[in-house]
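What follows is a single structure, written as structure tokens, with notes after it.
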């Protein structure tokens, strides 16, 4: 009895210990991540405001903290990432800051600082809400995969420019006064020496540790230790907070104002809606950089956790976070890689961590100055400077060795525009660069799938062996170009020149027919249609025939609307339903010129066939008796697919079709007529028939069976040998044509 009870008692004693351990890890992870989220939120808040509004920094901090409260709580409930810790993010804040800078510049001298700040808050709210709505729609319509197709140089330019603005914001926090390219000298002033030294020491410590370890936890852990060290020093030295405020070591809250809400409801009457509407041009760029940064963060989390992130679900979660944050005056945010991985490495990848982070951030909104008094400006500035410098190194310096010069030039261009002009202009240049890069790169895609000539590829009209030999000899007069993809202005002119080069090439000298096949073309624009009109004009001038084959109804309609039409008497332009019909027409016209009469439907006697096969007529009469004459009525089968291959057929007159069956009906492979031989491949392989041959009209044919071949080998072995030789020559010639096609496609 006791033996049976023992396992239960062990389970009872172990379960509480496991629950307590899990709870302890969750609390530790939540508190550590929460405190670091507060530090990051306070740091990134300074990126929102231009220099002339820096006295409203406490309100901006409140906006950032509110965003972290909403984001962390919503992410805890909705994010597909286990243990996701969502905080306000520097990249979208910088993007909004660029829009804010443009608005404040336009209002300079026309409104008070207070009224300007009200418009800043309103613009931030609308931009954040619009971003959230757009991201939410991307996730709702399951378009998450589309964000993975943004060109890398455009992402690099945005991120490098963002790095500069983050670095600039960090230097401004350290100096306590706006720092630009023209005011960098303020950083070496005596009053800045100690603060600057502390910030440099903080960044140097991070750099040293990161060189020795490859973990993403260095920055949050270093921030926590620096924060702890600062407060221990303040406590040990007894320096008052008032003195630290006076010397710019702490961020003050004037008059004891609350961190949130940033403005009163009555202040909304000061909003200048016209200026707000003018700033809406930046909304797509803000949403774009938000989605791009979210993608990169999700990718980093995927790589560390080894699990794919449901990007559509994550977009819906982030969209909901931004929409709710925007309604409360917040800024965009999403899961931070460092904090999310920190929670995971602390053994607490669960949703409770996010709830704790949200709770601590909410407490900071209430406690206000108490929290700000334990966070020194050198730490905030150093943290921002480090993040900004790391972005510049990663996205501007490192790609210089990895990218092609034209791709790196786009990164450099966007970065220079952001530094020299501003973030909105950088966004606009980036969008233009993205379109230009797409056009240039897609224009390099080969739109000609392959180039063939009539000597290499013939239509499925199988006439006599003599007809085939004539096409191999004179077929270079037929040039076949099969196009692919979407043809637009970026590829149209290059395509036209390539076609002209093929026509003028030595191999195609004397080209009489140029077949352009549109079967694999998905669409084309008016510029591409114009190129083919110009090509038709060249055909009229130089005396060759342009044959346009295949193409969807949309492609044909675009060509027609563009003006590519053929008059009844126009011998330079022709349209065909597909490439086989177009090629058959060209072959007929060519053979009428080089071998008149070969296309005429006339019977070819067995005597003529055997003479050609044996190379002489000496043994024809002795061989004819081994062939059986047949008359096949229209619709009857000479050969049926799947039957034994015991005979070969020579067609004296009439027409037949070669086809194979399938679940969707039979497929027409070729047409054969007088002078053709069929069934010889399966006959020699000894396998069942792979296709059927059906008479279209009355067919006169000659049948040669396997039994007659055995008898011939006994009666006349020398004649049988020459018969084998002749049939082998026909097969070898066909195989050589096939090899040319295989070699062409392989290349």
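Worth a mention:
- So residue 92, is it surrounded by fewer than 20 Cβ atoms within 10 Å (Cβ to Cβ) and at pLDDT 85 or above: no
- Scanning region 561-570 for residues that are over 39 Å from the mean Cα position of the chain (by Cα) and surrounded by 13 or more Cβ atoms within 10 Å (Cβ to Cβ) yields 566, 570.
- Residues that are modelled with pLDDT of 80 or more and under 29 Å from residue 96 (Cβ atoms) occur in region 225-238; there is at least one.
- Out of 641, 631, sole residue that is modelled with pLDDT of 85 or more, on the phi < 0 side of the Ramachandran plot and in a loop (DSSP other than H, G, I, E, B): 641
- Residues satisfying the stated conditions in region 107-128, i.e. surrounded by fewer than 20 Cβ atoms within 10 Å (Cβ to Cβ), touching a residue at least 40 places away in the same chain (Cβ under 8 Å) and either assigned to a loop (DSSP other than H, G, I, E, B) or touching a helix residue (DSSP H, G or I) at 6+ places or on another chain (Cβ under 6 Å) (or both): 107, 108, 111, 115
- The condition (being in the same structural domain as residue 286 (by TED's automatic domain parsing), touching a helix residue (DSSP H, G or I) at 6+ places or on another chain (Cβ under 8 Å) and either over 30 Å from residue 205 (Cα atoms) or in a helix (DSSP H, G or I) (or both)) is satisfied by just one residue among 414, 410, 418, 392: 392.
- Answer residue from region 472-495, given it is out of contact with any strand residue (DSSP E or B) (no Cβ under 9 Å at 6 or more places or on another chain) and either modelled with pLDDT of 75 or more or not assigned by TED's automatic domain parsing to the domain that holds residue 528 (or both) and is surrounded by the most Cβ atoms within 10 Å (Cβ to Cβ) among those: 474
- Only residues that are modelled with pLDDT under 80 and closer than 16 Å to residue 65 by Cβ were counted in region 339-366, giving 1.
- The requirement of being out of contact with any strand residue (DSSP E or B) (no Cβ under 7 Å at 6 or more places or on another chain), at pLDDT 90 or above and either at negative phi or surrounded by 14 or more Cβ atoms within 10 Å (Cβ to Cβ) (or both) is satisfied by residue 710.
Condition check ((1) within 30 Å of residue 677 (Cα to Cα); (2) outside the structural domain of residue 653 (by TED's automatic domain parsing); (3) part of a helix (DSSP H, G or I); (4) free of Cβ contacts under 8 Å to residues at least 12 places away in the same chain) across all residues:
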{"residue": "530", "(1), (2), (3), (4)": "no, yes, yes, no"}
{"residue": "547", "(1), (2), (3), (4)": "no, yes, no, no"}
{"residue": "559", "(1), (2), (3), (4)": "no, yes, yes, no"}
{"residue": "564", "(1), (2), (3), (4)": "no, yes, no, no"}
{"residue": "580", "(1), (2), (3), (4)": "yes, yes, yes, no"}
{"residue": "584", "(1), (2), (3), (4)": "yes, yes, yes, no"}
{"residue": "589", "(1), (2), (3), (4)": "yes, yes, yes, no"}
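- Given (1) modelled with pLDDT of 80 or more; (2) surrounded by 18 or more Cβ atoms within 10 Å (Cβ to Cβ); (3) not in a loop (DSSP other than H, G, I, E, B), number of the condition residue 674 does not satisfy: (3)
- Of the candidates 681, 658, the single residue that is within 53 Å of the chain's Cα centre (by Cα), outside any helix (DSSP H, G or I) and surrounded by 14 or more Cβ atoms within 10 Å (Cβ to Cβ) is 658.
- Filter result (surrounded by 17 or more Cβ atoms within 10 Å (Cβ to Cβ), part of a helix (DSSP H, G or I) and modelled with pLDDT of 75 or more) within region 438-471: 467, 468, 470, 471
The values are calculated or read from the model by the stated rules, or taken from the named source; none is laboratory data. These numbers come from a predicted model, not from an experiment. Every residue, glycine among them, receives a Cβ derived from its backbone with ideal geometry; neighbour counts consider all protein chains shown.
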